[in-house]
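**Q** What follows is a single structure, and I will ask about it in a moment.
The values are calculated or read from the model by the stated rules, or taken from the named source; none is laboratory data. Only a predicted model underlies this, so the values are computations on that prediction, with no experimental measurement involved. Positions of Cβ are generated from backbone atoms using ideal geometry, with glycine treated the same way; all protein chains shown enter the neighbour counts.
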2 protein chains.
Amino acid sequence: MSTANTPAASKDVPPGGAFLFQEVGASPIVTPETFSEEQRMFFRTALQFSHEQMLPQADKIEHKDNVLLRELLRQAGELGLLSVDIPEAYGGTGLDKTTSLLLAEAMGLNGSWSVTFGAHVGIGTLPIVWFGNAAQKAKYLPKLATSEWVAAYALTEQGSGSDALGAKTKAVLSPDGKHWILNGSKLFITNAAFADVFVVFAKVDGDKFTGFIVEKDTPGFTVGPEEHKMGIRGSSTCPLYFEDARVPVENLLGDVGKGHKIAFNILNYGRLKLGAGVLGGMKLQLAQALRFAQERKQFGTPIAHFPLSREKLARMTALIHALESMTYRTSGLVDARLAARDKSAPDYESHLLAAVEEYAIESSIMKVYGSEALWQLVDDAVQLHGGAGYIEEYPVERAYRDARINRIFEGTNEINRMLITGMLLKRAVKGDLPLFAMAGNVAEEMARGEKPQARTNDALAPQEVAAEAAKRLALHGLSLAAQTFGPELEKHQDVLAALTDVVMDAFALDSMVARARQAATDGKLDPVRVALIRTIAFDSTSRIQDRMRRALCSTLKGDALAKELGRLGTLDTFTPYDPAEVRETVMAAVESAGGYPFAA
Amino acid sequence: MSTANTPAASKDVPPGGAFLFQEVGASPIVTPETFSEEQRMFFRTALQFSHEQMLPQADKIEHKDNVLLRELLRQAGELGLLSVDIPEAYGGTGLDKTTSLLLAEAMGLNGSWSVTFGAHVGIGTLPIVWFGNAAQKAKYLPKLATSEWVAAYALTEQGSGSDALGAKTKAVLSPDGKHWILNGSKLFITNAAFADVFVVFAKVDGDKFTGFIVEKDTPGFTVGPEEHKMGIRGSSTCPLYFEDARVPVENLLGDVGKGHKIAFNILNYGRLKLGAGVLGGMKLQLAQALRFAQERKQFGTPIAHFPLSREKLARMTALIHALESMTYRTSGLVDARLAARDKSAPDYESHLLAAVEEYAIESSIMKVYGSEALWQLVDDAVQLHGGAGYIEEYPVERAYRDARINRIFEGTNEINRMLITGMLLKRAVKGDLPLFAMAGNVAEEMARGEKPQARTNDALAPQEVAAEAAKRLALHGLSLAAQTFGPELEKHQDVLAALTDVVMDAFALDSMVARARQAATDGKLDPVRVALIRTIAFDSTSRIQDRMRRALCSTLKGDALAKELGRLGTLDTFTPYDPAEVRETVMAAVESAGGYPFAA
Ligand SMILES: Cc1cc2nc3c(=O)[nH]c(=O)nc-3n(C[C@H](O)[C@H](O)[C@H](O)COP(=O)(O)OP(=O)(O)OC[C@H]3O[C@@H](n4cnc5c(N)ncnc54)[C@H](O)[C@@H]3O)c2cc1C
Ligand SMILES: Cc1cc2nc3c(=O)[nH]c(=O)nc-3n(C[C@H](O)[C@H](O)[C@H](O)COP(=O)(O)OP(=O)(O)OC[C@H]3O[C@@H](n4cnc5c(N)ncnc54)[C@H](O)[C@@H]3O)c2cc1C
């Protein structure tokens, strides 16, 4: 097994969204199989901390034990788990993004902890890493790296959630020029009850959206009462109030009027990380549901033996595999972009931001696909438990409630769905992605009734074809929509959302097929991987046809519509297989591993 | 509008499962449009109680205020809401089943209340109505009708949930023949903490499954601590313990060894009622989500104006309409079977049971479709709320947690899915349903590439065809599976479950189209109904194709499979329409009604 990340040369790194335009396996991708020894070791350390220090305290965490949360953060800090994204110069280790995502995965075993941890190391700390000046970095980062100080991030307000830039909190410079005077409030702020440092957005003079670093004992700044939530109850979520709060001028973060740059970059990275974060929870829930199903008997049989249970467990495993394949592929792309950069150079952060931004499409896919895969998985897990799944005593009950937040925060899934196809089209219009040219070819192929051909003639050839067909359909649909609606397309949210589902399925299939082929030894595909891909392909070929019909019906009328609907069948790449055989191939591996069979 | 129920003559009443064999609109069906004045009035009274007495107390209920629950039950009793299913001779009103379901709908506005109420009037009281002897009825029913005594039902045990007959609780006759001595325990018993009368199942001499009436102060009988649950937290759920509990011999319910008859009949009726119960919650959540979306602004626009919000609200409305159409159609069939019977005749209960049993297939459909429609609807409602949907302050958060139980109790959805197609096949094998003969015709039609033709050439003709195609596909799939697997078919759970989805979609489409046509005035279809049916048809045509592929792939191999898959397209009845137009037709009606537009 390779110990180095591929690809190495930053020039060859495919741009964001390229998966839609390139053939399956066009470039090597980073996968758990290509992780370096350091990455693996780091992951194991983090996972051990999670299993041994954090998880045994899950019940205490659930009852909002902030002292315990701080203690766990401190322990994590001692293990170096808080400083992965902090440069060495400021007390961090400045590791690669794949490692940062592996850390998020390892911390994802419990929702409350995962969100607390993520708010601290992610949205709380990164704005200072990325946009702080040298003095700010020197003052805050070493303390954040140990969690001597805990961080929070305050963007949302009562009146502005999805419309983040619609914030009403105001900042004006004090007459003596020494303070920014903040007035307003923030809502739903994670870690608020015990954080020391808050990154807060406010509008300077009422219109220039700007970031500030606010310390907890700032005069005029108070933290409101805890929200009572459906899930992640162990995490703190409170409103913040600013009444003539006096923030020292040196705590301006970045430039006046450039707060949106901070907010959007933080969101991009947060979305990418969300995919990894939910992965940890998914793997744990699979293992627990499997154990429960093996132990629980009905009709004299372990319920794990019933086909409907096995169908669920196999589907859970396939979702994990799909998400995992996309997630580390994407973090690998970010790392590859940065491979040639000098981490200690003064402009390193700007390259880092550019690299993260480059894969904003993939990151939003991680957010949407990840949160929905988790949601489906915990739902299956509850159902496998029967009545016990509804009782707090069983961890799955909590996991079910915890999971639901992921479709709402870091940008709702509606907002992210529109962003995915929206960004693709914007890049195409700018000429960065050859969407229109390729869509033209696709239209011709479809008119000729041509199906994509597999380039590799192995057991995955039909799924390679499915991936290529999904890409063609997405490109075709996007191009038709852009032609029909022009700049009005953004108002046709249902078209954008439907085509996003096709794009996501294309990315999942492409990533899984590429990964399985890369992992083949002596050209022999692992049958378990093949079975997992078939499971995903079965679901997605139906979904893709459905979404394409929706998109076309919303885009075209009359004969044009009839013509396009008629051609859709050409790219219906459904491939029959025996579901029981596929399921049993997956389940044999899952049962022998006691859970997800591809441990990193 | 008609004020009488149709059809009137019990001879013409189609048998259970007939919807799959008859053409759309073959017989008139009961729908909210055909409700009698008495039914409407009763519903309004019940709904008023729910809105004015119960809902304002929802927060108190949530905190398990058993005193309040009993007081609400008492008030309901005063209004006659507890005695609909109790015969007049025993202090009840013995109303029809449509009224009983309307009551369940009206009580469904809050999960905890709905389950508490349902356990009392349904599973708690009905075993005595249906299986009690005259003395038992005289002793218990008048008190249950007022809730002077509250009832509970104890079937489940630690080791037996889905496998209800696997109970371990034992009963032996005391040496003096005066008591049954019960030993064992029960799990997850609703109303346990404050019930006075428990219907309990135990095995006489360890093998004869039998019902008993157990009063709360029975020596040796104790109620354990409350379970902490994901939702319906206001309802009581406790284990029961029997340690040499002495139950008087006169409290034997029905015959020794005939407990399964009680349990199965209660389950059948409970499943039918579940559809109605969730309907009430669905309508309330739709109205609340609509109001929230109209009031909440982002980007300077009420979020109710965004297409992705409107898509959700329209889908919610369509699900309600589908479920409502199936539910009252089914209760109407039960009522029609009983229309000619004398309610005071000694054998009335046995006819009632037979009528309920006759529609066991439809009842299981109500259970599965209803619980999943509710679940999808509350999920959409949470999502429409954004972050607020995750906060307990907003009623939708509670509704989301409450909803989840419905897929688990009254038989899990897995068990019910297998029952639906399982019962169809059993009746076919017995010769009660012409499944194999009709499937033969279908196979020939498919071989000839023949599509079903609409018999009525109106705006719903394509959806009539979709309904007919769904039925043909279900029959064809069932017949192929039966031929292939014979008696082993029950082991092929995935095939049964996949075909059940087709059967359910067929019933939904058939019921909606028949209802809309019946409700047409001067032959003019209501465009809102047409739009709702199109919404459901769009979703279901994709799902049907997917499930048929699954079922066929699990049933056939090689050429036979290829042939059948190839023919599937003939019955792909997808009909294009402009989604925006359909959505806006629905939304105009929803917005002007402030919720579901067809108030009973
Ligand atoms: C537990 C929790 C923790 C949180 N932690 C933090 C934190 O640490 N820091 C922070 O700043 N924020 C935090 N948030 C806030 C979170 O980011 C927001 O709740 C989220 O962005 C959604 O915003 P909203 O709640 O205002 O919903 P809205 O924006 O009001 O959305 C309501 C609905 O409208 C839809 N919608 C909105 N706009 C559009 C549109 N243009 N088109 C179509 N549909 C649209 C949404 O998709 C959603 O379905 C947290 C929230 C929760 C619940
Ligand atoms: C809040 C609440 C209230 C309740 N109220 C009552 C009450 O008042 N009275 C009462 O008697 N009971 C009550 N119950 C119990 C309820 O009816 C059971 O929980 C339910 O029947 C499921 O049984 P189980 O929990 O044992 O799950 P199990 O039967 O163990 O099921 C676990 C999983 O295995 C699956 N499974 C089981 N058998 C098969 C099979 N043959 N093939 C395929 N899959 C299978 C199930 O579908 C499920 O996914 C209540 C439960 C709850 C949670």
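**Q** Between A:Ala373, A:Ala381, which is part of a helix (DSSP H, G or I), more than 11 Å from chain B (Cβ to nearest Cβ) and more than 13 Å from ligand 2 (Cβ to nearest atom)?
**A** So the residue among A:Ala373, A:Ala381 that is part of a helix (DSSP H, G or I), more than 11 Å from chain B (Cβ to nearest Cβ) and more than 13 Å from ligand 2 (Cβ to nearest atom) is A:Ala373.
**Q** Go through (1) more than 14 Å from chain B (Cβ to nearest Cβ); (2) touching a Leu at 6+ places or on another chain (Cβ under 8 Å); (3) of a type outside the set (Val, Ile, Thr) for A:Ala167 and report which single condition fails.
**A** Here A:Ala167 clears every test but (1).
**Q** Name the residue that is farthest from A:Ile420 (Cα to Cα), counting only residues in segment A:482-497 that are more than 9 Å from every other protein chain (Cβ to nearest Cβ) and small (Gly, Ala, Ser).
**A** Once the filter is applied, the top-ranked residue is A:Gly486.
**Q** Would you confirm whether or not segment A:51-62 contains a residue that is closer than 23 Å to A:Trp130 by Cα and not polar (S, T, N, Q)?
**A** no
**Q** Sort through A:Arg296, A:Arg291, A:Arg315 and tell me the only one that's touching a Ser or Thr at 6+ places or on another chain (Cβ under 9 Å) and among the charged types (D, E, K, R).
**A** Numbers: A:Arg296 fails: touching a Ser or Thr at 6+ places or on another chain (Cβ under 9 Å); A:Arg291 fails: touching a Ser or Thr at 6+ places or on another chain (Cβ under 9 Å).
The unique qualifying residue is A:Arg315.
**Q** Can you confirm whether A:Asp335 is free of Cβ contacts under 8 Å to residues at least 12 places away in the same chain and either over 19 Å from A:Ala289 (Cα atoms) or touching a Lys or Arg at 6+ places or on another chain (Cβ under 7 Å) (or both)?
**A** no
**Q** Okay, next question. I'm told B:Ile420 meets every condition in (1) more than 19 Å from the chain's Cα centre (by Cα); (2) of a type in the set (A, V, I, L, M); (3) within 15 Å of ligand 2 (Cβ to nearest atom) except one. Can you identify the failing condition by its number?
**A** (1)
**Q** Would you please list the contacts, defined by Cβ atoms under 6 Å and residues six or more apart or on different chains, that run from a residue in segment B:501-522 that is in contact (Cβ under 8 Å) with a residue 24 or more places away in the chain to a residue that is of a type in the set (S, T, N, Q)?
**A** As it stands, the answer is B:Asp505/B:Ser540; B:Ser511/B:Ser325; B:Met512/B:Ser325; B:Val513/B:Gln463; B:Arg515/B:Thr31; B:Arg515/B:Ser325, since those pairs meet every condition given.
**Q** Being part of a helix (DSSP H, G or I), surrounded by fewer than 22 Cβ atoms within 10 Å (Cβ to Cβ) and within 16 Å of ligand 2 (Cβ to nearest atom) narrows it down to one residue among A:Leu286, A:Leu308; which is it?
**A** Answer to the selection: A:Leu308.
**Q** Does B:Lys451 satisfy being part of a loop (DSSP other than H, G, I, E, B) and either touching a helix residue (DSSP H, G or I) at 6+ places or on another chain (Cβ under 6 Å) or touching a residue at least 60 places away in the same chain (Cβ under 8 Å) (or both)?
**A** Yes.
**Q** Please pick out the residue among A:Met446, A:Met423 that is more than 11 Å from chain B (Cβ to nearest Cβ) and modelled with pLDDT under 95.
**A** A:Met446
**Q** Read through the list (1) within 16 Å of ligand 1 (Cβ to nearest atom); (2) among the acidic types (Asp, Glu); (3) touching a residue at least 24 places away in the same chain (Cβ under 8 Å), then give the number of the only condition that A:Glu105 fails.
**A** With (1) within 16 Å of ligand 1 (Cβ to nearest atom); (2) among the acidic types (Asp, Glu); (3) touching a residue at least 24 places away in the same chain (Cβ under 8 Å) applied to A:Glu105, the lone miss is (1).
**Q** Checking the structure you have, find out if any residue of segment A:189-201 is among the polar types (S, T, N, Q), in a strand (DSSP E or B) and under 28 Å from the mean Cα position of the chain (by Cα).
**A** Yes, some residue in segment A:189-201 is among the polar types (S, T, N, Q), in a strand (DSSP E or B) and under 28 Å from the mean Cα position of the chain (by Cα).
**Q** Additional query: Checking the structure you have, find out if any residue of segment B:386-404 is touching a Leu at 6+ places or on another chain (Cβ under 6 Å) and within 16 Å of ligand 2 (Cβ to nearest atom). Working first, answer last.
**A** Going residue by residue through segment B:386-404, those that are touching a Leu at 6+ places or on another chain (Cβ under 6 Å) are B:403.
If we keep only those that are within 16 Å of ligand 2 (Cβ to nearest atom) too, we end up with B:403.
Yes, segment B:386-404 has at least one match.
**Q** Would segment A:140-155 turn up any residue that is part of a helix (DSSP H, G or I), among the small types (Gly, Ala, Ser) and touching a Gly at 6+ places or on another chain (Cβ under 7 Å)?
**A** yes
**Q** Taking the criterion of being away from chain A (no Cβ under 14 Å), more than 21 Å from B:Leu101 (Cα to Cα) and not aliphatic (A, V, I, L, M), would at least one residue in segment B:346-354 satisfy it?
**A** Yes - at least one qualifying residue is present in segment B:346-354.
**Q** Also, quick follow-up: Look at segment A:181-227 and say how many of its residues are under 14 Å from A:Ala171 (Cα atoms) and of a type in the set (D, E, K, R).
**A** 5
**Q** Which residues, counting only those in segment B:384-408, are aromatic (Phe, Trp, Tyr) and either part of a helix (DSSP H, G or I) or within 7 Å of chain A (Cβ to nearest Cβ) (or both)?
**A** Across segment B:384-408, the qualifying residues are B:Tyr390, B:Tyr400.
**Q** Still on this structure, I have one more. Which condition number in (1) within 14 Å of chain B (Cβ to nearest Cβ); (2) without any contact (Cβ under 8 Å) to a residue 40 or more places away in the chain; (3) under 26 Å from the mean Cα position of the chain (by Cα) is the one that A:Leu313 fails?
**A** (2)
**Q** Give me the residue from segment A:170-194 that is of a type in the set (Lys, Arg) and more than 13 Å from ligand 1 (Cβ to nearest atom) and, out of that set, farthest from the other protein chains (Cβ to nearest Cβ).
**A** A:Lys178
**Q** Something else about it: Might you check whether a residue that is small (Gly, Ala, Ser) and more than 16 Å from ligand 1 (Cβ to nearest atom) occurs anywhere in segment B:306-315?
**A** For segment B:306-315, residues small (Gly, Ala, Ser) and more than 16 Å from ligand 1 (Cβ to nearest atom): absent.
**Q** Sticking with this structure for a sec: For B:Lys203, are the conditions met, namely being farther than 21 Å from A:Gln298 by Cβ and more than 14 Å from chain A (Cβ to nearest Cβ)? Explain how you work it out, then say what you get.
**A** Numbers: farther than 21 Å from A:Gln298 by Cβ: no; more than 14 Å from chain A (Cβ to nearest Cβ): yes.
Considered against the rule, which asks whether it is farther than 21 Å from A:Gln298 by Cβ and more than 14 Å from chain A (Cβ to nearest Cβ), B:Lys203 comes out as no.
**Q** Restricting attention to strands (runs of 3 or more DSSP E) lying wholly within segment B:206-281, give those where 3 or more residues are of a type in the set (Asp, Glu) and within 14 Å of chain A (Cβ to nearest Cβ).
**A** Output list is empty.
**Q** Name the residues in segment A:326-353 that are more than 18 Å from the chain's Cα centre (by Cα) and assigned to a helix (DSSP H, G or I), would you?
**A** Once the filter is applied, which keeps residues that are more than 18 Å from the chain's Cα centre (by Cα) and assigned to a helix (DSSP H, G or I), segment A:326-353 yields A:Ala336, A:Arg337, A:Leu338, A:Tyr348, A:Glu349, A:Ser350, A:His351.
**Q** With the condition kept exactly as written, say whether any residue in segment B:355-368 is closer than 23 Å to B:Arg547 by Cβ, polar (S, T, N, Q), at pLDDT 95 or above and part of a helix (DSSP H, G or I).
**A** yes
**Q** Next question, about the same structure. Could you list, in sequence order, all residues of segment A:239-266 that are out of contact with any Lys or Arg (no Cβ under 9 Å at 6 or more places or on another chain) and among the aliphatic types (A, V, I, L, M)?
**A** A:Ala245, A:Val247, A:Leu252, A:Leu253, A:Ile262, A:Ala263, A:Ile266
**Q** Let me ask another. Just one of A:Ser160, A:Ser112, A:Ser147 is among the hydroxyl-bearing types (Ser, Thr, Tyr), within 16 Å of ligand 1 (Cβ to nearest atom) and over 19 Å from the mean Cα position of the chain (by Cα); which is it? Lay out the reasoning, then the answer.
**A** Working: A:Ser112 fails: over 19 Å from the mean Cα position of the chain (by Cα); A:Ser147 fails: within 16 Å of ligand 1 (Cβ to nearest atom).
Among A:Ser160, A:Ser112, A:Ser147, only A:Ser160 is among the hydroxyl-bearing types (Ser, Thr, Tyr), within 16 Å of ligand 1 (Cβ to nearest atom) and over 19 Å from the mean Cα position of the chain (by Cα).
**Q** Related question: Could you tell me which residue of segment B:243-257 is surrounded by the most Cβ atoms within 10 Å (Cβ to Cβ), considering only residues that are in contact (Cβ under 8 Å) with a residue 60 or more places away in the chain and closer than 18 Å to B:Leu165 by Cα?
**A** Kept after step one, since they are in contact (Cβ under 8 Å) with a residue 60 or more places away in the chain, are these residues of segment B:243-257: B:243-254.
Going one step further and asking which of them are closer than 18 Å to B:Leu165 by Cα, we end up with B:252-254.
Details: B:Leu252: 19, B:Leu253: 22, B:Gly254: 19.
Result: B:Leu253.
**Q** Do you know which residues across segment B:508-519 are surrounded by 24 or more Cβ atoms within 10 Å (Cβ to Cβ) and in contact with an Asp or Glu (Cβ under 7 Å, 6 or more places away or on another chain)?
**A** Selection gives B:Val513, B:Ala516.
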